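*Asks:* One structure follows; several queries about it will come next.
Bear in mind that the values in this text are calculations on the coordinates, not laboratory data. Not measured: the values here are computed from a predicted model. Ideal geometry is used to build each Cβ from the backbone, glycine not excepted, and the neighbour counts take in all protein chains shown.
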Amino acid sequence: EAGVAQSPRYKIIEKRQSVAFWCNPISGHATLYWYQQILGQGPKLLIQFQNNGVVDDSQLPKDRFSAERLKGVDSTLKIQPAKLEDSAVYLCASSLGVPGNEKLFFGSGTQLSVL
Amino acid sequence: GDSVTQMEGPVTLSEEAFLTINCTYTATGYPSLFWYVQYPGEGLQLLLKATKADDKGSNKGFEATYRKETTSFHLEKGSVQVSDSAVYFCALAHAGTALIFGKGTTLSVSS
């Protein structure tokens, strides 16, 4: 079974530039998550989709971050403009059904460095 | 809001030593509790979970018991191996909501 695919694996940009990350979840998984993991901290939820609808984006900095999940499958996360504090690993995860006690499957992440 | 607190790392052990990584939580109601593990160069993966009080989750020799009275979910293993070296994350979730993670604890096991 193919896992959660993310690209790119690494990205280096300068502050005020824009960047986009892509995620392809496991086939058939209805729920998709984007997490931000800053060095030395645990992952923090940015946004949660159920199919192509947003369930929770309360911690997404909407002035600079945006995300979409077209046709309930792939998803993109964009940062525009980037700040130094956005340097982190961006993790995509998916699960089969409604979250709560469901197992999440994580991708390898995109490591972003903002200079 | 809900939160998870883990013991600070790194934890450094010799092979075959006993492991305990402490995890406590603050939450309303009765969340499900999880341990996720991140091996070097790999993505996060579920290690074990418990969905109600007094449940014990277990996998690969690791165990954790959901203790409602102490709001804890400590991870234990009787005899660690070098291959257990990884970062361990305690997490909680309510029905319909995403995981809330602790900061993670790095375990390093030497032979």
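*Asks:* So which trypsin sites (Lys or Arg not before Pro) in the range A:1-67 are both in a DSSP loop and have at most 14 other Cβ atoms within 10 Å of their Cβ?
*Replies:* Those satisfying the criteria are A:ARG9, A:LYS15, A:ARG16, A:LYS62, A:ARG64.
*Asks:* Given A:ASN52, A:SER108, A:ILE26, which one lies farthest toward the positive end of the charge dipole of the range A:1-112, if we put +1 on the Cβ of every Lys and Arg and -1 on the Cβ of every Asp and Glu?
*Replies:* A:SER108
*Asks:* Using Cβ counts within 10 Å as a stand-in for footprinting exposure, how do A:GLU85, B:GLU63 rank, fewest first?
*Replies:* Ordered from fewest to most neighbouring Cβ atoms within 10 Å, A:GLU85, B:GLU63 come out as A:GLU85, B:GLU63.
*Asks:* Something else: What number, in percent, do you get for the relative contact order of chain B if the mean sequence gap of Cα pairs under 8 Å and at least 6 apart is divided by its residue count?
*Replies:* 36
*Asks:* Can you sort A:VAL114, B:VAL82 so the residue with the fewest Cβ neighbours within 10 Å comes first?
*Replies:* In increasing order of surrounding Cβ atoms, one gets B:VAL82, A:VAL114.
*Asks:* Given the pairs A:LYS62/B:LYS52; A:LYS62/A:LYS103; A:LYS83/B:LYS60, which are separated by over 32 angstrom at their Cα positions?
*Replies:* Over 32 Å apart, Cα to Cα: A:LYS62/B:LYS52; A:LYS83/B:LYS60.
*Asks:* Here's another thing I want to ask about it. Loop-only check: which trypsin sites (Lys or Arg not before Pro) in the range B:22-111 are DSSP coil with at most 14 other Cβ within 10 angstrom? Kindly include the intermediate steps, with their values, before the conclusion.
*Replies:* Values: sites: B:LYS49, B:LYS52, B:LYS56, B:LYS60, B:ARG67, B:LYS68, B:LYS77, B:LYS103; in loops: B:LYS52, B:LYS60, B:LYS68, B:LYS103.
Within the range B:22-111, the qualifying trypsin sites (Lys or Arg not before Pro) (loop, at most 14 other Cβ atoms within 10 Å) are B:LYS52, B:LYS60, B:LYS68.
*Asks:* Let me ask something else about it. For B:25-37, what's the mean count of beta carbons from other chains sitting within 10 Å of each residue's beta carbon?
*Replies:* Other-chain Cβ atoms within 10 Å of each residue's Cβ, averaged: 1.
*Asks:* Chymotrypsin sites (Phe, Trp or Tyr not before Pro) within the range A:1-60: which are DSSP loop residues with at most 16 other Cβ atoms inside 10 Å?
*Replies:* On the way: sites: A:TYR10, A:PHE21, A:TRP22, A:TYR33, A:TRP34, A:TYR35, A:PHE49; in loops: none.
For chymotrypsin sites (Phe, Trp or Tyr not before Pro) across the range A:1-60 that sit outside H, G, I, E and B with at most 16 neighbouring Cβ atoms in 10 Å, the list is empty.
*Asks:* Return the FRET efficiency for the residue pair B:TYR30, A:ASN52: r is the Cβ-Cβ distance, R0 is 35 Å, and the value is rounded to the nearest 0.05.
*Replies:* 0.70
*Asks:* Which of the lysines could a cross-linker span from B:LYS103 if the Cα-Cα distance has to be under 16 Å and same-chain partners fewer than 8 positions apart are dropped?
*Replies:* Candidates past the 8-residue exclusion: A:LYS44.
*Asks:* If you average the alpha carbon positions of the range B:41-70 and of the range A:43-115, how far apart do those two centres end up, in angstrom?
*Replies:* What the calculation gives is 25 Å, centre to centre.
*Asks:* Sticking with this one: For chain A, what relative contact order do you get, as a whole percent, if you take Cα pairs closer than 8 Å and at least 6 residues apart?
*Replies:* It comes to 37 percent, rounded to a whole number.
*Asks:* Then there is this: Based only on other Cβ atoms within 10 Å, what is the fewest-to-most ordering of B:VAL109, A:VAL4?
*Replies:* Working: B:VAL109 19, A:VAL4 22.
Ascending number of Cβ neighbours within 10 Å: B:VAL109, A:VAL4.
*Asks:* Next up: Magnitude of the Cβ-charge dipole of the range A:44-115, K/R +1 and D/E -1, about the Cα centre, nearest 20 debye?
*Replies:* Details: 8 positive and 8 negative charges, 15 e Å.
Once rounded to the nearest 20, the dipole reads 80 debye.
*Asks:* Using the Cα centre of the protein assembly as shown as origin and beta-carbon charges of +1 (Lys, Arg) and -1 (Asp, Glu), tell me which of B:TYR36, A:GLN41, B:GLY61 is placed farthest towards the positive end of the dipole.
*Replies:* Farthest along the dipole direction, towards plus: A:GLN41.
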